[in-house]
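Please read the structure below before turning to the comments.
The values are calculated or read from the model by the stated rules, or taken from the named source; none is laboratory data. Predicted model only: the values in this text are computed from it and were never measured. Using ideal geometry, Cβ is built from the backbone for each residue, glycine included, and neighbour counts are taken over all protein chains shown.
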């Protein structure tokens, strides 16, 4: 399906590092007016020092969402070409160990804030008869991973939201795309360690030894770019196509595991995916006992 070209202006959430930071730089180099957002003052200062008009945004806070959207539209004279919903984090842990507050915050950031922020710009896109909406999902939006069930569930939700939104906005000139990364070298692993230590009590969990092992492994092991693990710039490349092509894709997979996950979900029976995932859990459990 062909869509109209859009004004070359975009707001990107979650630009403190990783995918968001790489995308902001890549798009600016292609002539886009980029409005990166971040939550922490020090990250905003870093972005401003790089020459960006950085916008303060905490997607878990409704007032912050509305204020940030108003600021973006004010500095861009009431128009905008696209929104990229990149902000998010992963809450690790078995579902039996995640309390209601932690689960709610996971959804506030990854789902509720994403929808509310997008909705601030839909009326503008409708008035322009054009616009692009890009939601960053994940391979775990196709296959739910054990001990990342909370995070996976939010990405399943994002997938469903995008599919519904794409049909609801048909005929408006607004394109909706999902970007589904696999392993990307970002701060995700380090942040997962922080969330594990903040929210999970190994002494009260049947999986306590595994949590401790995972924290140690994630701290000690630094992944490098290669065939499986890709740098954040690989995601930025997909953003560029979704923004600039007259025929943006509905879904963009990134990294071999993302393509494999999409293939497995489409063609493999559930008993097979269960067996594969269970074998991974068993391997981690054995390593804890060695």
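One residue stands out in the range 219-255 among those that are within 20 Å of the chain's Cα centre (by Cα) and over 21 Å from residue 134 (Cα atoms): the one that is surrounded by the most Cβ atoms within 10 Å (Cβ to Cβ), namely 229.
Could you say whether any residue in the range 207-218 is within 30 Å of residue 134 (Cβ to Cβ) and surrounded by fewer than 17 Cβ atoms within 10 Å (Cβ to Cβ)? Step through it out loud before you land on a result.
Let us first name the residues in the range 207-218 that are within 30 Å of residue 134 (Cβ to Cβ), namely 218.
Checking which are surrounded by fewer than 17 Cβ atoms within 10 Å (Cβ to Cβ) leaves us with none.
No, that holds for no residue.
The single condition among (1) modelled with pLDDT of 95 or more; (2) over 22 Å from residue 277 (Cα atoms); (3) out of contact with any strand residue (DSSP E or B) (no Cβ under 8 Å at 6 or more places or on another chain); (4) crowded, with 16+ Cβ neighbours inside 10 Å that residue 168 does not satisfy is (4). May I ask you to list the residues in the range 22-59 that are in a loop (DSSP other than H, G, I, E, B), more than 20 Å from the chain's Cα centre (by Cα) and surrounded by 17 or more Cβ atoms within 10 Å (Cβ to Cβ)? Scanning the range 22-59 gives 32, 52. Taking the criterion of being part of a loop (DSSP other than H, G, I, E, B) and surrounded by fewer than 23 Cβ atoms within 10 Å (Cβ to Cβ), the residues of the range 61-80 that qualify are 61, 76, 77, 78, 79. The criterion of at least 3 residues that are out of contact with any strand residue (DSSP E or B) (no Cβ under 7 Å at 6 or more places or on another chain), within 19 Å of residue 24 (Cβ to Cβ) and touching a residue at least 60 places away in the same chain (Cβ under 8 Å) is met, among helices (runs of 4 or more DSSP H) falling completely within the range 220-290, by 233-244.
Considered as a group, the residues in the range 81-96 that are in contact with a helix residue (DSSP H, G or I) (Cβ under 6 Å, 6 or more places away or on another chain) and part of a loop (DSSP other than H, G, I, E, B) include one that is surrounded by the fewest Cβ atoms within 10 Å (Cβ to Cβ), and that residue is 89.
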